[in-house]
Amino acid sequence: MNPVELAAAALGLINVALVARRSLWNYPFGIAMVALYFFVFADAKLYSDALLQIFFLVIQLYGWWNWRRSDRVDDGVAVRRLDYPARVVWIVGTALACIVWGAAMARYTDAAVPYADAAVAGMSVAAQILQSQRRVESWLLWIAVDILAVGLFWSRGLYPTAILYAIFLGMAVWGLFAWRAKLGAAR
């Protein structure tokens, strides 16, 4: 097993557990995780996911800044929900971005699984932006990402990462319920 992949997976578990708890401390772990996963995914020829780690680094820094400035509820940041028109825009925009990116990866690279890789990457971008903005809907996207990623990473022989994403799936469901509960308690 690749020790870099194992370290990245361990950091990822800590990161997501802290996000679900709405803890600002998730960000240092997330930054370290994405730095390591860049190399793991590039080595596996999952270029969309490798490039995604660069985006994640930037958005982790933005999220850390944004969460530091946000309102607090008990021991974590306050969360919000998107309105219906915003949900439609996010869904359509994310779907289009995934299709376009997948087509570009299929045409211009030797990506192993361009469309599935682009779907994981595109939905992850949307989910991470929404999570940085403390939107409950981010967890729904993470659930979709995790379901797709488990199969993708397993098929590429990234077994620790596939297992990590299976665990992330459970954590995303937990995060969704935890954030919805805090949303309801804040009303």
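The values are calculated or read from the model by the stated rules, or taken from the named source; none is laboratory data. Owing to the predicted nature of the structure, the values given are computational and were not obtained by experimental measurement. Glycine gets a Cβ as well: all are built from the backbone with ideal geometry, and neighbour counts include every protein chain shown. When the accessible area is computed, the model is the full protein with side chains, heavy atoms only, and any ligands, DNA or RNA have been set aside. Shrake-Rupley method; radii C 1.70, N 1.55, O 1.52, S 1.80 Å.
Against the definition (farther than 26 Å from residue 61 by Cβ, of a type outside the set (S, T, N, Q) and either surrounded by fewer than 23 Cβ atoms within 10 Å (Cβ to Cβ) or modelled with pLDDT under 95 (or both)), how does residue 144 come out, yes or no? Spelling it out, it is not the case that residue 144 is farther than 26 Å from residue 61 by Cβ, of a type outside the set (S, T, N, Q) and either surrounded by fewer than 23 Cβ atoms within 10 Å (Cβ to Cβ) or modelled with pLDDT under 95 (or both). Here residue 115 fits the description: free of Cβ contacts under 8 Å to residues at least 60 places away in the same chain, in contact with a Gly (Cβ under 6 Å, 6 or more places away or on another chain) and surrounded by fewer than 18 Cβ atoms within 10 Å (Cβ to Cβ).
Just to be sure before I move on: is residue 70 at pLDDT below 95 and either within 26 Å of residue 171 (Cβ to Cβ) or more than 19 Å from the chain's Cα centre (by Cα) (or both) in the structure I sent?
Details: at pLDDT below 95: yes; either within 26 Å of residue 171 (Cβ to Cβ) or more than 19 Å from the chain's Cα centre (by Cα) (or both): yes.
So residue 70 passes the test.
Taken over the range 20-50, the criterion of being part of a helix (DSSP H, G or I), open to solvent by 10 Å² or more (accessible area, probe 1.4 Å) and out of contact with any Gly (no Cβ under 6 Å at 6 or more places or on another chain) is satisfied by 28, 29, 31, 32, 35, 36, 38, 39, 42, 43, 47.
Within the set 107, 180, the sole residue that is of a type in the set (D, E, K, R), modelled with pLDDT of 95 or more and either open to solvent by less than 40 Å² (accessible area, probe 1.4 Å) or in a helix (DSSP H, G or I) (or both) turns out to be 107. Within the range 85-104, the residues that satisfy the criterion of being over 30 Å from residue 18 (Cβ atoms) and open to solvent by 30 Å² or more (accessible area, probe 1.4 Å) are 85, 88, 92, 96, 99, 100, 103, 104. When the test is whether a residue is under 15 Å from residue 49 (Cβ atoms) and in contact with a Pro (Cβ under 8 Å, 6 or more places away or on another chain), residue 105 passes it.
What's the total number of residues in the range 71-84 that are open to solvent by 80 Å² or more (accessible area, probe 1.4 Å) and part of a loop (DSSP other than H, G, I, E, B)? Before the answer, list the steps.
Filtering the range 71-84 down to residues open to solvent by 80 Å² or more (accessible area, probe 1.4 Å) leaves 71-72, 74-75, 80-81, 83-84.
Subset that is part of a loop (DSSP other than H, G, I, E, B): 71, 74-75, 81, 83.
Matching residues across the range 71-84 total 5.
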